[in-house]
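Reviewing the structure listed below.
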Amino acid sequence: MKKKVLLMGASGSGKTSMRSMIFSNNPASLTSRLGATIDVEQNHVRFLGDLILNLWDCGGQDAFMDSYLSTQRSVIFSHVGVMIYVFDVESREMEKDLEYYRDCLEGLSQFSKNANVFLLVHKVDLVREAERNTVVERKVEELEKASGETPVKVFSTSIYDESLYKAWSNIVNTLIPNARNLSKHLRIFAEACNATEVILFERTTFLVIATSSHADSSDAFPSDPVALHALDPKRYERTSELIKAFKQSCSRLREEFRSLEMELAEFTAVLDEMTKNTYVLVVVHDPVIETAAIRMNICMARKKFEELQGDSLVSEK
Amino acid sequence: MSSSPQNYSAVANSHTNGTIRRTKILLLGTRRSGKTSLFQVLFNGFPLKQAFYLEPTMRVAKHLVDTVIPLEIWDCPGNITVDTLGASLADFATIVFVIDIRDLYQQPVSKLVEFIVAACQVNPDINFEVFVHKAERLQEDDKLENFRQIHERVMDRLIDESPEFEQFPLNFHLTSIYDHSLREAFSLVLHKLIESLPYLEDLLNVFCANTASPKAFLFDTSSKIHVATDTSPVDQATHNLCCDYLSMLNSFGPLYRSNAINDPRTSRDSPATTPPPTATPLSPASGSVSASPGVPLASPPKPPFFPCAATSLSPSHPGTTLTYHLVTPHLALLALLPTTVYEVRRGLVEWNVVWFREGVREIWEVEKERSAGEVV
């Protein structure tokens with residue numbers, strides 16, 4: 001199954017560096033070496049084995065934008081699964097950015113009515129920490145107003161912290177057809193392990209695909225172990241960030257990260273391969289449970305999850 | 001007196017009322033050479049991006065740091081001289097002099113020479129370490145060229161002072177807060193101050209021999225400085241990986257910490273609160289397979305809990321596993337092991353860790369007693 005993802009935004013807003021960090025495992029320090037994208041760079045990224053993301057990284061210079069909106073209009077805007085529009089938080093030409101953005105929305109409504117739209121307020125690390133919240137809030141308001149009727153999701157992001165992973169995990173989640181089903185099975189698995197939480201990651205990007213906890217507020221499910229333990233709300237994206245960084249350090253030694261087990265003062269956890277394309281993190285707070293037991297459970301759950309993953313993608317075709 | 005980090009100060013207070021003998025390190029350098037940021041990054045986990053905004057140090061700040069030995073680090077303002085320091089140079093075990101690699105060398109070099117001459121009169125045993133700092137600002141070639149030049153300048157000026165200084169033991173390190181070179185350099189500085197270092201190294205050697213480990217480090221967990229390592233040469237890439245591994249584990253801890261009121265884990269003993277296990281004194285060599293186990297871990301009511309972790313790395317066939325075992329509240333053993341050894345003989349590996357821990361704890365106790373005893 002193929003999904004088309006449009007990456008749009010003004011020139012220099014950070015589309016390509018974002019892409020290179022998430023999908024090519026480049027560290028943030030190397031993004032300054034990237035040149036401007038000319039016209040459209042198409043990439044096929046295999047995600048979760050059978051799901052192929054067809055990334056259209058669209059160069060943002062005015063001349064290109066004008067041509068996307070006129071002569072290339074039907075090519076660019078048809079069959080779009082997701083459009084990601086990137087705004088530089090310090091952009092000096094917000095008026096112009098918004099105008100192009102509205103034109104793109106119009107193109108989408110003409111050719112792909114069901115596309116999801118995500119807006120990223122990018123490079124928030126440039127704003128002083130004290131002012132960050134207010135600046136972002138103002139931007140969000142402005143962008144929501146500009147979007148009119150179209151439902152959009154806005155994230156503030158920076159390549160220097162975990163916010164990038166949060167946004168992309170959310171984006172990718174809309175593309176996975178059976179996320180709910182996976183979640184349900186993860187819950188059963190978590191119960192079997194007596195785990196507080198089980199998190200499923202995609203193998204190469206380490207984006208979060210599904211978790212055992214209920215997505216919405218903790219009030220609705222008071223018996224949910226995660227709610228009981230009141231875990232850090234940023235844990236998913238921080239985990240993605242930490243593991244990605246460690247993978248990079250391993251690759252500097254020409255080693256490849258394979259698995260991790262921890263028995264720390266705060267919790268016990270195992271991070272290991274679940275299926276060909278996923279990693280699973282099992283977090284346990286019960287001090288009696290040993291890592292070997294968790295490993296064994298992962299081993300036994302593998303077959304089921306391979307099936308689940310296979311099923312979902314076939315049925316969607 | 002100072003803003004020492006919480007996790008250190010807790011231990012500092014538990015020893016005595018703060019009246020223990022501390023090994024003193026003096027941090028010197030001209031203004032804006034990076035003394036304070038260097039200290040903050042090493043011992044307070046200071047975010048690198050904030051280093052730019054640090055205010056200049058106006059008066060001497062004394063920081064108490066407890067690693068394997070208790071340290072007192074004096075962070076000085078740039079304009080300090082031998083006379084305005086307010087203490088005799090005889091009190092210091094080591095002077096770390098920081099030079100910005102892009103600076104004009106005239107001023108810092110004369111200042112360094114001034115301190116060397118003054119120190120040698122009162123304290124001939126003092127260690128002098130020169131950190132050629134902010135190395136990340138230059139390209140590889142320029143970096144080495146400037147490093148060499150500074151070295152040469154300092155030695156020339158010293159010989160001008162007096163020909164006796166020709167053999168003066170002065171150590172130069174190329175450092176940067178943006179990679180692990182700073183930690184490596186500071187480890188070397190620290191090694192000279194730890195009197196029990198040979199015993200720690202022996203313990204590590206025995207551990208490596210018993211577990212077929214190619215490399216093992218004893219790290220200070222929060223500053224990520226390695227306190228000791230076995231005698232095989234240190235490969236920089238391996239050292240960097242261990243540092244990265246340690247910082248990942250340090251960040252994971254609080255990330256999934258349970259904030260529940262009755263978390264079963266909080267009732268569990270952490271090594272910080274347990275007294276060291278009372279085992280019969282054993283030299284590391286006798287901690288081999290023949291010794292009888294069971295004494296240290298079997299104290300029935302609450303067995304002490306020591307955090308540990310392991311990560312396995314492929315793809316080279318036997319593969320490597322990187323293990324982490326906390327030994328004392330602030331020291332951890334990091335070892336590279338062949339994955340086959342770790343998977344097949346994990347019990348034996350852990351058993352060796354127990355004896356290693358015993359040895360380190362004994363040394364730690366002795367060091368603690370000594371530093372407390374010398375005051376009384």
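Restricting the calculation to Cα atoms, the protein assembly as shown yields a radius of gyration followed by a Dmax of 28.4, 88 Å.
Computed 3J(HN,Hα) for the stretch A:284-291, one whole-Hz value per residue from the Karplus formula 6.51 cos²θ - 1.76 cosθ + 1.60 where θ = phi - 60°, is 10, 9, 5, x, 7, 7, 9, 4, glycine and proline marked x.
Each of A:L271, B:A228, A:G14 was scored by the projection of its Cα onto the charge dipole of the protein assembly as shown, and the greatest displacement toward the positive side belongs to A:L271; charges sit on the C-beta of Lys, Arg, Asp and Glu. Other residues lying with their Cβ under 10 Å from the Cβ of A:T174 contribute a combined charge of +2, Lys and Arg counting +1, Asp and Glu -1.
Assuming a ≥ b ≥ c are the square roots of the Cα gyration tensor eigenvalues, decide whether the stretch A:179-315 counts as rounded (a/c under 1.5), prolate (otherwise, with a/b larger than b/c) or oblate. Rounded is the answer for the stretch A:179-315, as its axis ratio a/c remains below 1.5. Calculated on C-alpha atoms, the gyration radius of the stretch A:1-141 divided by its Kirkwood radius gives an Rg/Rh of 0.96.
Taking N as the residue count of chain A, its C-alpha radius of gyration divided by 2.2 N^0.38 Å amounts to 1.04.
For chain A, the Cβ-based charge dipole about the Cα centre amounts to some 880 debye (Lys, Arg positive; Asp, Glu negative; other atoms uncharged). What is the magnitude of the charge dipole of the stretch A:179-315 about its Cα centre, with +1 placed on the Cβ of each Lys and Arg, -1 on the Cβ of each Asp and Glu, and no other charges, expressed in debye to the nearest 20? Using only the charged Cβ atoms, the result is roughly 520 debye. Counted over the stretch B:6-191 with a bin width of 5 Å, the fraction of Cα pairs per bin, in whole percents, is 1, 7, 16, 20, 21, 17, 10, 4, 2, 1, 0. Considering only alpha-carbon pairs that sit under 8 angstrom and 6 or more positions apart, the relative contact order computed for the stretch A:2-175 is 24 percent. Each of B:N127, B:F147, B:P163 was placed along the dipole of the stretch B:83-168 (beta-carbon charges, centred on the mean Cα), and the one lying farthest toward the positive end is B:F147.
If R₀ is 45 angstrom, what is the calculated FRET efficiency for the pair B:V234 and A:A230, using the beta carbon separation as r and rounding to 0.05? The computed FRET efficiency comes out at 0.60. Placing +1 on each Lys and Arg Cβ and -1 on each Asp and Glu Cβ, with no other charges, gives the stretch B:86-167 a dipole about its Cα centre of roughly 240 debye.
For the pair B:Q50 and B:Y178, the difference between a 0.36 nm per residue extended length and the Cα-Cα distance amounts to 44.8 nm. Pairs with C-alpha atoms separated by more than 21 Å, drawn from the list A:K2/A:K166; B:K35/B:K111; B:K24/B:K134; A:K276/A:K303; A:K15/A:K123; A:K247/A:K276, are A:K2/A:K166; B:K24/B:K134. Report the paramagnetic label zone for B:Q107: residues of the stretch B:52-96 whose backbone N is under 20 Å from a point 7 Å from Cα along the Cα-to-Cβ axis. The answer is B:52-61, B:75-85, B:96, whose backbone nitrogens lie closer than 20 Å to the label point.
Distance from the alpha carbon centroid of the stretch B:66-123 to that of the stretch B:319-376 works out to 34 angstrom. Remark: spin-label model distance B:V344-B:F168 equals 5.7 nm, labels positioned 7 Å along the Cα→Cβ axis. Listing B:S181, A:S70, A:S212 from fewest to most neighbouring C-beta atoms within 10 Å gives A:S70, B:S181, A:S212. Ordering A:P151, A:L164, A:G81 by the projection of their Cα atoms onto the charge dipole of the stretch A:2-175, which places +1 on the Cβ of Lys and Arg and -1 on the Cβ of Asp and Glu, puts A:G81 at the extreme positive end.
The residues packed around B:D100, meaning those with a beta-carbon under 9 Å from its beta-carbon, carry a net charge of +3 if Lys and Arg are +1 and Asp and Glu are -1. Going from the fewest other Cβ atoms within 10 Å to the most, the residues A:T37, B:T321 appear in the order A:T37, B:T321. The ellipsoid equivalent to the alpha-carbon distribution of the stretch B:104-263 has semi-axes of 36, 21, 16 angstrom, derived from the gyration tensor eigenvalues as √(5λ) and listed largest first.
Applying 1/(1 + (r/R0)^6) with R0 = 60 Å to the Cβ-Cβ distance of A:D50 and B:V122, what FRET efficiency is obtained, to the nearest 0.05? Once rounded, the FRET efficiency stands at 0.20. Normalised by 2.2 N^0.38 Å, where N is the number of residues, the C-alpha radius of gyration of the stretch A:77-204 stands at 1.26.
Each value in this text was obtained by applying a stated rule to the coordinates, not by laboratory testing. Because the structure is predicted, anything quoted here is derived from the model rather than measured. When we count neighbours, we look across all protein chains shown, and the Cβ atoms used for this are built from the backbone with ideal geometry, even at glycine.
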